[in-house]
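Taking it in order: structure first as structure tokens, then the write-up.
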Amino acid sequence: MENGEVTDMANVVSAHQEWLNKPLPILQSSRNQIIAMVRRSDKIKPSEIAEVVLQDPLLAAQLLRTVNHRSKTSLSTEISSIESAILLIGVVPFLERFARHTTIESLLLPDLQKEYSILLKWIFHAQTLRRLAKEFATQRYDSKIDVVQIAALLTPLEHMLPLLAKVPSLSMTPSPVNLHKLLQIWEYPATVLDLVGVMVEPSPRYALHKALISLMGCLDKGWWQPDITAHLQTIALILGQEVGDVWRTVVKCLVSLSHRLPSQHAFYTPARWLVMQPGDWPNPNLLAEQANVSIKPVEKDVLIERMQALHLAGVQGAATNQVMGLAIKAIAEGLGMKRIAFTLFMAAENSLRSRYVQGADTDALRVLVVPLEAPHLFTRLLQKPSSIWLNSGNAGQYQPLLPAEFREQIHAESFCAMSIFVGDKPLGILYADVGGEAQVSDYQYQHFKQISTLTSRALAHNARRKSAM
């Protein structure tokens with residue numbers, strides 16, 4: 001590592017270390033609720049206090065920082081549950097301490113009104129992430145709902161702390177915040193660090209967390225953003241639900257939370273989400289009957305669903321046979337290809353042999369063996385990740401380059417094929433055609449390449465996972 005890089009790394013650690021001893025302010029509304037609880041502290045349950053803390057990301061961060069950075073013995077445990085943290089401190093000591101705590105409003109107002117408004121935006125963002133994370137974790141019966149909630153709630157700290165650093169009384173220099181590094185210094189539990197960092201072997205919990213973060217990032221720019229659909233589909237696949245059900249959960253949460261916002265909130269007013277108000281739309285079939293016209297039902301985008309399933313399999317490190325099964329399913333059901341085969345590169349005998357085959361009239365494909373001694377089109381494909389689309393326009397150019405064994409056994413006027421690599425090593429060639437004299441369309445070819453690329457990535461991830469074991 002160069003001297004400059006060492007210096008930069010030291011500055012990053014130093015900047016994050018500063019936050020170890022700086023008190024984090026809390027919302028005035030949080031302090032007001034805590035003050036009200038002080039008057040009846042003998043009757044307050046930790047779960048009631050936890051509900052207040054989980055609405056305030058800075059209060060939650062301060063509390064967990066305090067209990068996890070305490071002096072520990074060999075019998076000490078890491079704390080990721082807000083309720084457990086309150087029990088550790090004690091209900092009365094907690095209430096007395098935070099009833100006098102510094103508030104965000106006292107630090108930022110009136111001089112830093114703009115920063116205060118932006119901070120409120122990120123607090124809403126954190127509240128929404130926490131609420132959705134809890135809901136989705138509950139739906140998938142996650143055993144670590146506390147961890148999921150905290151990781152979601154604290155994610156926007158990266159945006160909040162630089163705003164707070166502008167407060168003159170804190171005597172700090174605003175600088176970027178790396179959440180994973182920050183929580184490491186605060187000695188947060190490994191289960192939380194796993195979610196906010198980069199996992200070598202992503203779990204469904206991790207994949208769901210990252211998809212939710214990306215979804216909220218898109219929603220921050222407006223509910224009409226095109227990438228929202230992809231993130232919803234990822235969440236739906238993990239939960240085993242329809243995309244529409246996931247969207248309804250998101251909409252319900254956003255509308256519910258936005259209605260609670262104060263009227264002076266500059267970034268997220270209730271009107272922002274009125275377009276997503278829950279409720280039944282007019283029944284299209286009933287309207288069609290009344291108008292005496294027929295209406296065609298909306299079909300699912302099968303291709304997108306199958307490609308998302310293939311992507312998720314790669315994230316989760318699925319086995320090779322599962323990945324290939326999903327790839328072939330995506331080509332067959334998503335693109336309507338009739339004959340599909342994956343020919344495996346056999347290094348020992350220097351040939352290609354069919355391994356996974358699907359479709360009608362595939363007898364010849366099932367027994368296909370293509371020698372690789374002499375140069376031909378397929379040997380070129382195995383030199384680097386590349387693809388070919390044979391059609392009526394280029395048949396005269398490419399037909400003579402096909403291996404004789406292939407031409408004699410596979411009678412296809414048009415097909416597409418792409419080499420599958422794991423790292424820099426060829427694994428084989430994925431092949432598909434539409435049968436008979438039909439021509440593969442440009443749409444089919446372009447998406448066939450996308451599916452093949454997803455397949456290579458998924459297999460490469462699986463290979464890295466095995467080598468790390």
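Odds and ends about this structure:
- Annotation note: Cβ proximity below 9 Å between a residue of region 85-109 that is closer than 14 Å to Lys45 by Cβ and a residue that is surrounded by 16 or more Cβ atoms within 10 Å (Cβ to Cβ) and among the aromatic types (Phe, Trp, Tyr) (sequence gap 6+ or interchain) occurs for Ile86/Phe94.
- Of all the criteria given as (1) closer than 30 Å to Gly240 by Cβ; (2) among the hydrophobic types (A, V, I, L, M, F, W, C); (3) surrounded by fewer than 19 Cβ atoms within 10 Å (Cβ to Cβ), the one not satisfied by Val357 is (3).
- Test: residue in region 126-137 that is under 24 Å from Gln17 (Cβ atoms), crowded, with 23+ Cβ neighbours inside 10 Å and out of contact with any strand residue (DSSP E or B) (no Cβ under 7 Å at 6 or more places or on another chain): yes
- Which numbered condition Ile228 misses (of (1) under 13 Å from the mean Cα position of the chain (by Cα); (2) of a type in the set (Val, Ile, Thr); (3) at pLDDT 90 or above): (3)
- Conditions (1) under 23 Å from Leu344 (Cβ atoms); (2) surrounded by 21 or more Cβ atoms within 10 Å (Cβ to Cβ): number failed by Ser414: (1)
- The number of residues in region 356-380 being among the small types (Gly, Ala, Ser) and in contact with a Lys or Arg (Cβ under 7 Å, 6 or more places away or on another chain) comes to 2.
- Contacts under 7 angstrom Cβ, first residue in region 207-236 being closer than 19 Å to Ala309 by Cβ, partner assigned to a loop (DSSP other than H, G, I, E, B), 6 or more apart: Ala207/Gln316; Ala236/Glu242
- Residue match in region 90-98 (condition: open to solvent by 40 Å² or more (accessible area, probe 1.4 Å) and within 30 Å of Leu254 (Cα to Cα)): no
- Where a residue in region 111-129 is closer than 14 Å to Leu27 by Cα and its partner, wherever it lies, is assigned to a helix (DSSP H, G or I) and open to solvent by 20 Å² or more (accessible area, probe 1.4 Å), with Cβ under 7 Å and at least six apart: Trp122/His159
- Residues in region 139-187 that are open to solvent by 60 Å² or more (accessible area, probe 1.4 Å), among the hydroxyl-bearing types (Ser, Thr, Tyr) and not in a helix (DSSP H, G or I): Tyr141, Ser143, Ser171, Thr173.
- Matching residues, region 378-402, being surrounded by 13 or more Cβ atoms within 10 Å (Cβ to Cβ) and touching a residue at least 24 places away in the same chain (Cβ under 8 Å): Phe378, Leu381, Leu382, Pro385, Ser386, Ser387, Ile388, Trp389, Leu390, Asn391, Leu401, Leu402
The values are calculated or read from the model by the stated rules, or taken from the named source; none is laboratory data. Being a predicted model, the structure only gives us computed values, none of them experimental. As a convention, Cβ positions derive from the backbone with ideal geometry for all residues, glycine included, and neighbour counts pool all protein chains shown. These accessible areas exclude ligands, DNA and RNA; they are computed on the full protein's heavy atoms, side chains included. Shrake-Rupley method; radii C 1.70, N 1.55, O 1.52, S 1.80 Å.
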